[in-house]
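The structure appears right after this line, and notes come after that.
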Amino acid sequence: MDMENVKQIFRDAGTAISRAVQFTEEKLGKAEKTEQDPNFEQLVTFCDNTKQNTETILKNMEFILNSNPGMRVENLFFLDKKKSGLSSSEHLGIAMTEAGNDFGPDTAYGSALIKVGNIQQTLGLNQREFIKSANDCFVNPMNKYLETDMKTVVKERSLLEKRRLDLDACKTRVRKTRMLATTKVKAEHDLKVAQEEYNRQAEITKLLMEGVPSAHPQHLQHLLDFVDTQAAFYLKCHESLMSLQSDLSGFPSDQDNIATLSPDTPALGRIQQAKVITSQEPRDAHDLRLSAGEIISIDVNSDIGSNYFIGKKIQKGKVYKSNVRLLNQG
């Protein structure tokens, strides 16, 4: 190691010690601190909010998109290799279809298990496609922003803070100096150099921070793309489940007459399709739970009371007339 490198190491060590002393004295109230103008401080606050909120959103987004963090361990140790990488819904679907085939696809229960299992696998596939799309349109671009533009802002702000500490340390030395004239001249020269470096770094940092708000429109576009992806995902799932519900509505059930209704409730008579126009939450154990938009089967001859029909999804129950519209009534 040559002498110049040794000298540089000592200079760097001296600078680090000077900054540490200045920082400590500021915290103890024994040294003055150069303050930025209000506009600069507003930019600092805006940048901090952008960084912190973006990190929080991404953290929660990744938690939603990777809701089964133990999956990778299961893939390595517990699951068949041919099934590795599948979602929980797909594993459930596989289990159901295998059980359905074991019980017999010609039996009502076996056939239903196969139908439900196939839809579960479809839902799982939709989920994996959604996760990939969400990462591509939102998570990855936002992470890239944090790792490039925001990281540069943070780096320059850190350098600015070091320049400020150097400047204030020089100011402190000049105020306290009772040295020889030549030493005082050096201290004042050091102060002038520190002031110039600080001003230059402050300008660079300010320009970078002023660019942060201009990134928000692009962030908004990423957010809109995510919402479109999520809406398409849930629409696919809804359509698959509605189709499944329709397929299962004709399956016989040993519980038809005792599941949710009292024993004296008549069996279904003339069946007609109806669309749910208002979601229905059960008022008691006899009511069906309905979601707006569903298509269900209604017994139009079951006008037991003045305000409800007997309807069927998987099981039978009361459907209040005000919540449905018979499809042949226009």
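The values are calculated or read from the model by the stated rules, or taken from the named source; none is laboratory data. What you see is a predicted model, and the numbers here were worked out from it, not measured in a lab. Here the Cβ positions follow ideal geometry from the backbone for every residue, glycine too, while neighbour counts run over all protein chains shown. Note: areas computed on protein heavy atoms with side chains; ligands, DNA, RNA excluded. Shrake-Rupley method; radii C 1.70, N 1.55, O 1.52, S 1.80 Å.
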Exercise. Given H placed 1.01 Å from N in the peptide plane, which residues other than close sequence neighbours of Val324 have an amide H under 5 Å from its amide H?
Worked result: Ile277
Seminar exercise, completed: Each label sits 7 Å from Cα toward the beta-carbon; between Asn143 and His189 the label points are separated, in nm, by 5.2
Problem set entry | Convex hull volume per residue for the stretch 137-205, taking Cα atoms only, in Å³ | 62
Problem set entry | Estimated distance in nm for a label pair at Glu203 and Ala99, the labels positioned 7 Å out from Cα along Cα-to-Cβ | 7.2
For this session: Could you compute the FRET efficiency for Ala108 and His222, with r as their C-beta to C-beta distance and R0 at 51 Å, rounded to 0.05?
Result: 0.60
For this session: Can you run the Rg to Rh ratio on the stretch 113-158? Use alpha carbon positions and the Kirkwood inverse-distance Rh.
Result: 1.44
For this session: May I ask you to derive the relative contact order of the stretch 91-158, considering only C-alpha pairs under 8 Å and at least 6 residues apart, and to give it as an integer percent?
Result: 25
Exercise. Which of the peptides 211-223, 238-250 is most tightly packed, and how do the rest follow, judged by the mean count of other Cβ atoms within 10 Å per residue?
Worked result: 238-250, 211-223
Seminar exercise, completed: With +1 on the Cβ of every Lys and Arg and -1 on the Cβ of every Asp and Glu, the dipole magnitude of the stretch 114-250 about its Cα centre, in debye rounded to the nearest 20, is 1200
Seminar exercise, completed: Total charge of the residues flanking Asn118 in space, meaning their Cβ is under 15 Å from its Cβ, with Lys and Arg +1 and Asp and Glu -1, is -2
For this session: Can you sort Lys162, Lys316 by 1.4 Å-probe accessible area, starting with the largest?
Result: Lys162, Lys316
Problem set entry | Net charge, Gly211 excluded, C-beta distance under 12 Å - Lys, Arg +1, Asp, Glu -1 | -2
Exercise. To the nearest 0.05, what FRET efficiency results for Gln245 and Lys59 with a Förster distance of 51 Å applied to their C-beta separation?
Worked result: 0.90
